[in-house]
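Every number in this text was worked out from the coordinates using simple rules, so none of it is lab data. Because the structure is a prediction, the values reported are computed rather than measured. Here the Cβ is made from the backbone with ideal geometry for all residues, glycine too, and neighbour counts use every protein chain on show.
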Amino acid sequence: MAKLIQSSGTGVIAEAAGVLLVASVWAAVFLNGPLILFSVHPLAQSVGLLVLIQSILVLQPTHTGAQKQVGQKIHAGLNFLAFVTFAVGVVSIEVNKFINNGVHFHSVHGYLGVVASFWLLAQYVVGFTMFGVPKLYGGEANAKKIWKYHRFSGYVLLLFLGATVISATQTDYNLSVLGIKLWATVVIVVLLIIGIFPRIKKQKLGF
């Protein structure tokens, strides 16, 4: 166990942050019922972020060409799963607003969520096409040149997602129903940053 933790480095902290987020959100939702359509949103988004964390961690320790190929396939698979999970969360809140004539862009979290959704979509499109259809970029060699921008954008997006999660604590739904604390969420996001960012290899960013 000690060797596993040592080889994982700060990734263990990122894993813990993701699990803490899911545990806190799911506990808040199920302990402060009743469950409604809106409840699907925080449940799905928290799991989506946990899966996204796995997709990042699986690429960070790759060294050999074989490891990179396997890592890229797992990364793509996990990102697809995260995309589906995030989509479920987005659809649930949109359907809920439509049914109840809810107001869009009612909070800072709403604005950040929209930006995050489109950013994620763009990140997924670029990532999957670079991996699956490199000819769109003029061949595999040209597609690989874009990887550094894809990686950099992904890490910045992770910070943005952290801010989006924090802003969720100030929504009416959380303040009146869930009661997830702002300070606790900030701690989780800080742990996530501590777990992910020290593992970044600057040379892989190409800057």
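I want to check the label-to-label distance for V88 and V19. Put each point 7 Å from Cα in the C-beta direction and report it in nm to one decimal.
It works out to 2.1 nm between the two label points.
Lysine pairs in the stretch 8-205 with alpha-carbon atoms under 21 Å apart, 8 or more places apart or on different chains: how many are there?
25
Could you give me the ³J(HN,Hα) list for the stretch 118-127, computed from phi with Karplus coefficients 6.51, -1.76, 1.60 and θ = phi - 60°, whole Hz, x at Gly and Pro?
Karplus values, whole Hz, x for Gly and Pro: 5, 5, 4, 4, 4, 4, 5, 4, 5, x.
Determine, at each q value in 0.19, 0.26 (inverse angstroms), the log₁₀ of I(q)/I(0) that the Debye formula gives when each Cα of the stretch 102-190 is one equal point scatterer.
Listed by q, the Debye log ratios stand at -0.86, -1.22.
Extent of the stretch 8-205 along each principal axis, from alpha carbon coordinates, in Å, largest to smallest?
Dimensions of the stretch 8-205 along the principal axes of its Cα atoms: 51, 35, 23 Å.
Which ³J(HN,Hα) values in Hz, rounded to whole numbers, follow from the phi angles of the stretch 15-32 under the Karplus curve 6.51 cos²θ - 1.76 cosθ + 1.60, where θ = phi - 60° and Gly and Pro get x?
Running phi through 6.51 cos²θ - 1.76 cosθ + 1.60 with θ = phi - 60° gives 4, 4, 4, x, 5, 4, 5, 4, 4, 5, 5, 5, 5, 5, 5, 7, 8, 10 Hz.
Multiply the residue separation of L121 and D172 by 0.36 nm, subtract the distance between their alpha-carbon atoms, and state the gained length in nm to one decimal.
Gain in length upon complete extension: 15.7 nm.
Sort I99, I200 by Cβ crowding within 10 Å, fewest neighbours at the top.
Ordered by Cβ neighbours within 10 Å, fewest first: I99, I200.
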